[in-house]
Amino acid sequence: MECSKKPMLNDHTIDELRNIKVDTPDKIIYHKILDNLDHIAKPINGLGRFEKLTALIGAIHRSEVIDISKKAVIIMCADNGIVEEGISQSGQEVTLAVAKNMGKKRSSVGRMADSIGVDTFPVDIGINHDGDIPGVLNRKVRPGTRNFKNEPAMTLEETINAIFIGIELVSYYKEKGYTILASGEMGIGNTTTSSAVAAALLGCEPVYVTGRGAGLTDDKLNHKINIISEALDKYDLYGADPLTILKTVGGLDIAGLTGLCIGGALYHIPIVLDGVISMVAALLAERIVPGTKDYLIPSHKGREPAVEILAKELGLEPVIDGDMALGEGTGAVMMFSLLDIALCIYQDQTTFSDIGIEEYKRYK
């Protein structure tokens, strides 16, 4: 799977997607790891939510021995036709420019990931550009989506193929030895597509889930909300099935990340979610393949208003509250560091007897 070559896209079907079944993480392993943590020289539940996250990683891997030393961020890059309607500060040329920087490991996520030994793999799943981008995996479904104000963003076939690209990438990187992956994205206009998808999935008015993205004025924000509202009414998306919502007002990056989440559940790889785009993809994945959410680890709340609502719907609780809106997978990279720090306590296994004090007891 060389970056300079574009593998042939396989034609997948809706039945193939809907027939995917996933197992739940191993509950016995989960509780065994929590028990192991209780015997480590620290207060009971001293690591808070990180104890359950540590146990979840082990349960996903089906092992008490946890190794997440080989990590990567998969960054889905795509353009969105809705940019024609002036819903963002910049044009599609920025998607390409940032993707080129990602290929050189010079973007924000590349710098941050490199500082902690995490690999980044940007994927061109739909950039409006001909030809290969050095350092970027070419898995282009089409050169950007259509303008959903005028017509559905994608065909069902394009949507399903994009989802399976995400699924197949999890399989590929698992074979390469990666034991935990994170979701990232890049695409001008994708806070509009994600807000539209979120509003339809959650059955709420767009005003409650639409933010300023990279920074919009009040007038531009209102314009963005109106564009989304008109589309949801035009296509009658409230109550529609998730694939219809995704193909109509979503993006290729969101579809690819949806597949990444499903792939994590299918191949028993934890997926660390980034911000609002990843959270929308996570909810799509859970609606399409129930049980997927059990394999997802939230990272940060982010600045977009939809994140908190999506997290509640998924039953996930982000750890980092840093008012971030950087995107690219940067919040997930920060979460990698926190997981490593928490995991070192479990891996060291310093017991109460090692330091000569009486063990703390867990009281029900």
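Return the only residue of LEU316, LEU339 being at pLDDT 95 or above, part of a helix (DSSP H, G or I), surrounded by 13 or more Cβ atoms within 10 Å (Cβ to Cβ) and of a type outside the set (Ser, Thr, Tyr). It would help to see each step written out before you state the result.
Working: LEU316 fails: part of a helix (DSSP H, G or I).
Result of the check over LEU316, LEU339: LEU339.
Say we look at the stretch 246-272 and pick out the residues that are among the aliphatic types (A, V, I, L, M) and surrounded by fewer than 24 Cβ atoms within 10 Å (Cβ to Cβ); which of these is farthest from LEU316 (Cα to Cα)?
Within the stretch 246-272, the first condition is being among the aliphatic types (A, V, I, L, M), and the residues that meet it are 246, 249, 252, 254-255, 257, 260, 262, 265-266, 269, 271-272.
Applying the additional criterion that residues be surrounded by fewer than 24 Cβ atoms within 10 Å (Cβ to Cβ) yields 266, 269.
Details: LEU266: 19, ILE269: 17 Å.
If we take residues in the stretch 246-272 being among the aliphatic types (A, V, I, L, M) and surrounded by fewer than 24 Cβ atoms within 10 Å (Cβ to Cβ), then LEU266 is farthest from LEU316 (Cα to Cα).
Tell me yes or no: at least one residue of the stretch 221-230 is touching a strand residue (DSSP E or B) at 6+ places or on another chain (Cβ under 7 Å) and either assigned to a loop (DSSP other than H, G, I, E, B) or modelled with pLDDT of 95 or more (or both).
The initial filter retains those residues of the stretch 221-230 that are touching a strand residue (DSSP E or B) at 6+ places or on another chain (Cβ under 7 Å), namely none.
Scanning the stretch 221-230, I find no residue that is touching a strand residue (DSSP E or B) at 6+ places or on another chain (Cβ under 7 Å) and either assigned to a loop (DSSP other than H, G, I, E, B) or modelled with pLDDT of 95 or more (or both), so the answer is no.
Matching residues to (1) in contact with a Lys or Arg (Cβ under 7 Å, 6 or more places away or on another chain); (2) basic (Lys, Arg); (3) in a loop (DSSP other than H, G, I, E, B):
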| residue | (1), (2), (3) |
| --- | --- |
| ILE125 | yes, no, no |
| ILE133 | yes, no, yes |
| ARG146 | no, yes, yes |
| GLU151 | no, no, yes |
| MET154 | yes, no, yes |
| ILE160 | no, no, no |
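Here is a yes/no grid of residues against (1) under 16 Å from the mean Cα position of the chain (by Cα); (2) surrounded by 19 or more Cβ atoms within 10 Å (Cβ to Cβ):
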{"residue": "THR120", "(1), (2)": "yes, yes"}
{"residue": "GLY131", "(1), (2)": "no, no"}
{"residue": "ASN138", "(1), (2)": "no, no"}
{"residue": "THR159", "(1), (2)": "no, yes"}
{"residue": "GLY203", "(1), (2)": "no, no"}
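Answer yes or no as to whether LEU326 is of a type in the set (A, V, I, L, M), closer than 30 Å to ASP15 by Cβ and out of contact with any Phe, Trp or Tyr (no Cβ under 6 Å at 6 or more places or on another chain). Walk me through how you get there before you give the answer.
Numbers: of a type in the set (A, V, I, L, M): yes; closer than 30 Å to ASP15 by Cβ: no; out of contact with any Phe, Trp or Tyr (no Cβ under 6 Å at 6 or more places or on another chain): yes.
The answer is no for LEU326.
Only one of ALA311, ALA325, ALA282 is surrounded by 18 or more Cβ atoms within 10 Å (Cβ to Cβ), in contact (Cβ under 8 Å) with a residue 24 or more places away in the chain and not in a helix (DSSP H, G or I); which? Step through it out loud before you land on a result.
Values: ALA311 fails: not in a helix (DSSP H, G or I); ALA282 fails: not in a helix (DSSP H, G or I).
Unique residue meeting the criteria: ALA325.
Please return the ranges of helices (runs of 4 or more DSSP H) entirely within the stretch 1-103 where 1 or more residues are touching a Pro at 6+ places or on another chain (Cβ under 6 Å) and assigned by TED's automatic domain parsing to the domain that holds CYS261.
On the way: elements: 14-18, 27-38, 49-61, 93-103.
Counting at least 1 such residues, we get 93-103.
The values are calculated or read from the model by the stated rules, or taken from the named source; none is laboratory data. No experiment lies behind these values; they were computed from the predicted model shown. All Cβ positions, glycine included, derive from the backbone under ideal geometry; neighbour counts span all protein chains shown.
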